[in-house]
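See below for the structure under consideration.
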Amino acid sequence: MNFGKRSIPFNPEANIPSLEGKAILVTGGNIGLGEQSVLQYAKQSPNIIWLAARSRDKAKAAIDEIKAQLPENAKANIKFLELDLASLDSIKTAAKRVLSESDRLDILLLNAGIMAVPPGLTKDGYELQFGTNYLGHILLAKLLLPLLQKTATLPNADVRLINMTSRAHNLAPKEGIKYDTLRTTAENLGPYGRYGQSKLAQILWTREAASHYPNITINAIHPGLVRTNLMGNATGSAWWAKILGKIANYVFTSVEQGVRNQLWASVSTEIRTGWYYEPVGVSGRETELARDEALARGLWEWTEEELRGHCTV
């Protein structure tokens, strides 16, 4: 495994194999890293790509833009999937559609996210960043797990579940997960404390999930510092953070470069399930909290209980 500081060379154009016959779902696929992932997947002609987003108009524009960049021989069956990760009902509706229209799911890329937004709650009363980045994605994954597991039994299957997280998981509270904040606006944590808590949760769930679903490769991926809309939408940041964000966009890596780690995680034969990776394929950089097995088990149990009444469609 790659414990060093050197990135693994990875060229999506050359290193993503044929995806013919496969089914893929990407959340937040209408912009940034999500859109770039859909583009690179589409070049390898999978059977279907579900592009999950809140806005039909923005998704359609993204699909048109992606198709315009594809080579003539690429088969681009890209479908819009309406999905609001801040609404458990929306997630269940989206999952129900996928389960009814797809007979397999090979790659589930949990890519969407929000960062440093003002204090708020999801439609179901969870802290907005935690509910969107973590809990919404985990409900989607749980609802689609039967399809992922079914696919894993097929000949030559290689099923991947990728949780997009961040190095900013080191901004989580010192306790790791403050359960008493999860159904509040958690203003005392600040915008980046709330964000860090949600990103840490994604890594912890990944670690625990890998032991429950050994026939699926499950990983947490940090894309690096990438020029996306994430910082631009961080409207809850302090004034100095907003200025720093504008300056940083001049030195952050491009989306075309930043997408490599999640694409690598989609196809690499050297990846180890349950692990956290920084770009590209570099392991061992997570915090001590992110390695805490007791914390991971505790979050798993809390999540199972919270979502117990929502896991049927």
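Rg and Dmax of the stretch 53-92 over Cα atoms: what are they, in angstrom?
12.8, 39
To the nearest 0.05, what FRET efficiency results for residue 288 and residue 100 with a Förster distance of 30 Å applied to their C-beta separation? If you can, show how the numbers build up before the last one.
Details: r = 43 Å, r/R0 = 1.44.
The formula returns an efficiency of 0.10 here.
For the charge dipole of the stretch 11-118, defined by +1 on Lys and Arg C-beta atoms and -1 on Asp and Glu C-beta atoms about the Cα centroid, which residue among 100, 59, 41 has the Cα displaced farthest towards the positive pole?
100
Anything over 30 Å Cα to Cα? Flag those among 92/174; 150/178; 60/142; 22/58; 67/96, in the order listed.
92/174; 150/178
Leaving out ligands, DNA and RNA but keeping every protein chain, what accessible area does residue 205 have, in Å² rounded to the nearest 10, with a 1.4 Å probe?
0
Can you tell me what share of the DSSP beta bridges in the chain is antiparallel? A percent to the nearest 5 is fine.
Values: 3 of 28 bridges.
Looking only at bridges with both residues in the chain, the antiparallel portion is about 10 percent.
When the accessible area of the chain is split by element with a 1.4 Å probe, what percent falls to carbon and sulfur?
Values: 6840 of 13750 Å².
Answer for the chain: carbon and sulfur cover 50 percent of the accessible area.
Normalised radius of gyration for the stretch 95-159, please: alpha carbon Rg relative to 2.2 N^0.38 Å, two decimal places. Display every interim value, and only then the final one.
Numbers: Rg = 14.7 Å, N = 65, 2.2 N^0.38 = 10.7 Å.
Relative to the rule-of-thumb radius for its length, the stretch 95-159 sits at 1.36.
For residue 149 paired with residue 11, estimate the spin-label separation in nm (one decimal), with each label point 7 Å from Cα along the Cα-to-Cβ line.
4.1
How much accessible area does residue 273 have with a 1.4 Å probe, in Å² rounded to the nearest 10?
50
Given a cut-off of 18 Å, what percent of all Cα-Cα pairs of the stretch 66-127 lie beyond it? Mind showing how you got there, number by number?
On the way: 1031 of 1891 pairs.
Value for the stretch 66-127: 55 percent of Cα pairs lie more than 18 Å apart.
Principal axes first, then extents: for the Cα atoms of the stretch 1-136, list largest minus smallest coordinate on each axis, whole Å, largest first.
45, 42, 27
Which whole-number percent of Cα pairs in the chain have a distance greater than 32 Å?
On the way: 9765 of 48828 pairs.
When every Cα pair of the chain is considered, 20 percent fall beyond 32 Å.
Taking amide H positions as placed 1.01 Å from N in the peptide plane, with prolines and chain starts having none, which residues 5 or more places from residue 112, or on another chain, fall under 5 Å of its amide H?
27, 28
Computed over the Cα atoms, what is the radius of gyration of the stretch 79-199 divided by 2.2 N^0.38 Å, N being its residue count? Mind dumping the intermediate values first?
On the way: Rg = 15.7 Å, N = 121, 2.2 N^0.38 = 13.6 Å.
After normalising by residue count via 2.2 N^0.38 Å, the value is 1.15.
With a Cα-only, solvent-free Debye model of the stretch 133-209, what are the log10 I(q)/I(0) values at q = 0.14, 0.28 Å⁻¹?
Listed by q, the Debye log ratios stand at -0.53, -1.33.
The values are calculated or read from the model by the stated rules, or taken from the named source; none is laboratory data. It should be emphasised that the depicted structure is a prediction, and the values quoted were computed from it without experimental measurement. Reconstructed Cβ throughout: ideal geometry from the backbone, glycine too, with neighbour counts over all protein chains shown. What goes into the accessible areas is simple: the full protein's heavy atoms, side chains included, and nothing from ligands, DNA or RNA. Shrake-Rupley method; radii C 1.70, N 1.55, O 1.52, S 1.80 Å.
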